[in-house]
Amino acid sequence: MKKICKNCGASNQPAAKYCNNCNESLIGSMLKSEDESLQSVRPANNYASLGNDTVSIGKWLLVMFLLTIPLVNIGTLFYLAFVSQNQNLENFGKAALILTVIYFVLAIVFVIIASIFFVEILESLSY
């Protein structure tokens, strides 16, 4: 009967004392058999199955380049936020979209305040 690691769920040889996958001790902390439910087993650094694989430098450079092109940058952010299969890029896209909306609202408020101030100056000069 193979030993199943409680830490990562990997199957190990019956005589193994440490897991071949995560090096966790198998003594006293293993599941009794492979048939036992693995729902309580948590994966050890298994980010690839969650779409959290590491984003390469080349991908980051491409994203940064696309974000410098007007109008393409907004499309890029929407793609990253809602279509990307990578959780890191998705979170980056959503955070950048949130900041873009905040900056846009602040810019509109600033323009309104500056316009009111400018109109007040013009009215005071006309008297």
| task | Scan (1) modelled with pLDDT under 95; (2) loosely packed, with under 12 Cβ neighbours inside 10 Å for the single condition PHE104 breaks and write down its number. | result | (1)
| remark: Of those in segment 81-100 that are crowded, with 17+ Cβ neighbours inside 10 Å and touching a helix residue (DSSP H, G or I) at 6+ places or on another chain (Cβ under 7 Å), the residue nearest to SER56 (Cα to Cα) is LEU89
| field | Per-region count, segment 52-69, residues assigned to a loop (DSSP other than H, G, I, E, B) and either modelled with pLDDT of 95 or more or in contact with a strand residue (DSSP E or B) (Cβ under 8 Å, 6 or more places away or on another chain) (or both) | value | 2
| Long-range neighbours under 6 Å by Cβ, at least six apart or interchain, first residue closer than 22 Å to SER84 by Cβ within segment 94-120, second in a helix (DSSP H, G or I) and open to solvent by less than 60 Å² (accessible area, probe 1.4 Å) | LYS94/ALA81; ALA96/LEU77; LEU97/LEU77; LEU97/ALA81
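Select, from PHE110, PHE118, PHE82, PHE104, the only residue that is under 23 Å from THR54 (Cβ atoms) and either touching an Asp or Glu at 6+ places or on another chain (Cβ under 9 Å) or of a type outside the set (D, E, K, R) (or both).
Answer to the selection: PHE82.
The values are calculated or read from the model by the stated rules, or taken from the named source; none is laboratory data. The structure displayed is predicted, hence computed values, not measured ones. Don't worry about glycine lacking a Cβ; one is built from the backbone with ideal geometry, like all the others, and counts go over all protein chains shown. These accessible areas exclude ligands, DNA and RNA; they are computed on the full protein's heavy atoms, side chains included. Shrake-Rupley method; radii C 1.70, N 1.55, O 1.52, S 1.80 Å.
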